[in-house]
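Let me begin by presenting the structure, written as structure tokens, before commenting on it.
Every read-out reported here was derived from the displayed coordinates using simple, explicitly stated rules and does not represent laboratory data. Quick caveat: nothing in here was measured; it's all calculated off a predicted structure. Neighbour counts run over all protein chains shown; Cβ positions are idealised from the backbone, glycine included.
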Amino acid sequence: MKPTLHRRDVVKTLLRDRKDLLVVAGLGSTAWDITAAGDSPLSFPTWGAMGQAAMIGLGLALAQPARRVLVVTGDGEMLMGLGALATIGVQRPPNLAVVVIDNERYGETGMQATHTAHGVDLAAVAKACGIRKSVEVRKVTEVKSLQKAIHSGAGPLFAAVKVIDEKLPLVLPPHDGVLLKTRFRRALLGDSADVLPEEL
Amino acid sequence: MPPDAWPAEVHRELAAAGVRIVGYVPDAGHKRLIELCHADEAMRVVPLTTEEEGIGLAAGAWLGGEKSVLLMQSSGVGNLVNVLGMVKVCRFPLLMIVTMRGEQGEFNPWQVPMGEALARVLETMGVAVRQAGEARSVAAHVRAALRLAYQAQGAEAVLIAQRVIGIKSFQEQANQ
């Protein structure tokens, strides 16, 4: 069954009316996708650290239990850090959702096939790791339900969204790591983000 | 001070500094400190499948406003190299407490290469290294590293020498 969903439409739908949702994106295409949907100080697009997007999301979800956290990453990035799904399956943070935009390709390096092109089923892996709400998504109606679940359902939640393997124009977020970190912390924590911790 | 008091002292330093998230890949040398952190209701303890996950965890925790610490053994530091680039480029605060293998008393030759290269690897990737060579100095090094990490946005590693931990054979480790 060939995918019919377009990745930019999927991510735009997931981030529609995002309110105070905290967003982490894996490097490459998913960082461009969240930026195409509208950059925000409450987005942390990565430009490296491949394999760590889900773990950044876990750290954030544990630190901010009252906020919703969404990780948007690619199949290649998720495959590099599969152990993170086991770690999340043990912690089970109710406020974390991990969505893999799965085009079955390494999109930045020449569209080579990833393991998901050969049958590796990331939603099944996530479920086997203890993330009970793990789904594969192929239809527009399912994307809409996923958007609702991210904003209001009890997590943790995992979704592999099968998308067309298209090359799209780059929409680049800011690349300075200190800027990305600082704008995120200021938007989330207010003035206290700039104050020395008083315990030290 | 008895030589086995350092884990309790380190736990006190972490608690006093408001460390709330503890990521670890276990090492025999960290056994007591891991138990103390698990017993502390103010700390969320996160076992990891690989040390690399701890860097993502620490970065996410700081984005969310919480301090964290990572516990690992020296061989695991070899799993971190690329992701330390994110720590450097974003200036994420980072505190790692690393128990040494491949030093005095090592019984497994496969632990030696990473142990020997460890300090150079960390420094090459921008992590400051503090060598805690004696049990009584461990907590003071951790206190200093906490300040540099969270007041100066530094990446800090405290290396606890193998002679502090004092495991000499597979059998002694199995008996822990």
statement: Checking A:ALA53, A:ALA97, A:ALA37 against a Gaussian network model of chain A (alpha-carbon springs below 10 Å), the top fluctuating residue turns out to be A:ALA37
- request: Could you name the lysines whose alpha carbon sits less than 30 Å from that of B:LYS88, not counting residues in the same chain fewer than 8 places away?
  value: A:LYS181, B:LYS31, B:LYS67
field: Size-normalised alpha-carbon gyration radius of region A:57-101, reference 2.2 N^0.38 Å
entry: 1.11
Linear extension gain, A:LEU196 paired with A:VAL120, 0.36 nm per residue minus alpha-carbon span: 22.8 nm
task: Would you compute the Debye intensity of region B:3-174 from its alpha-carbon atoms alone, equal scatterers and no solvent, and pass along log10 I(q)/I(0) at q = 0.17 Å⁻¹ to two decimals?
output: -1.00
query: Considering only B:PRO93, B:GLY56, A:ALA113, whose Cα is most displaced toward the positive end of the charge dipole of the protein assembly as shown, charges sitting on Cβ of Lys, Arg (+1) and Asp, Glu (-1)?
result: A:ALA113
field: Global form of region A:134-184, assessed from the alpha-carbon gyration tensor, a/c cut-off 1.5
entry: oblate
- prompt: Considering chain A as a Gaussian network with a 10 Å cut-off on Cα pairs, which listed residue, A:PHE184, A:PHE44, A:PHE158, attains the greatest mean-square fluctuation?
  reply: A:PHE184
query: Which lysines have a Cα less than 17 Å from the Cα of A:LYS148, not counting those fewer than 8 places away in the same chain?
result: A:LYS12, A:LYS19, A:LYS133, A:LYS139
statement: Where a ≥ b ≥ c are root eigenvalues of the Cα gyration tensor, a/c under 1.5 meaning rounded, otherwise prolate if a/b exceeds b/c and oblate otherwise, region A:4-157 counts as rounded
- prompt: Can you give the calculated 222 nm mean residue ellipticity of chain A, where each DSSP H run of n ≥ 4 adds -39,500 (n - 2.57) and the sum is split over every residue, rounded to the nearest 500 deg cm²/dmol?
  reply: -11000 deg cm²/dmol
- prompt: Where nothing but the Cβ of Lys and Arg (+1) and of Asp and Glu (-1) is charged, how large is the charge dipole of chain A around its Cα centre, in debye to the nearest 20?
  reply: 680 debye
Chain A - percent relative contact order, Cα under 8 Å, separation 6 or more: 25 percent
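Is region A:7-65 best put as rounded, prolate or oblate by its Cα gyration tensor, with a ≥ b ≥ c the root eigenvalues, rounded for a/c under 1.5, and otherwise prolate when a/b is larger than b/c, oblate when not?
oblate
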task: Could you please state, rounded to a whole Å, how far the C-alpha centre of region B:139-165 is from the C-alpha centre of region A:96-118?
output: 38 Å
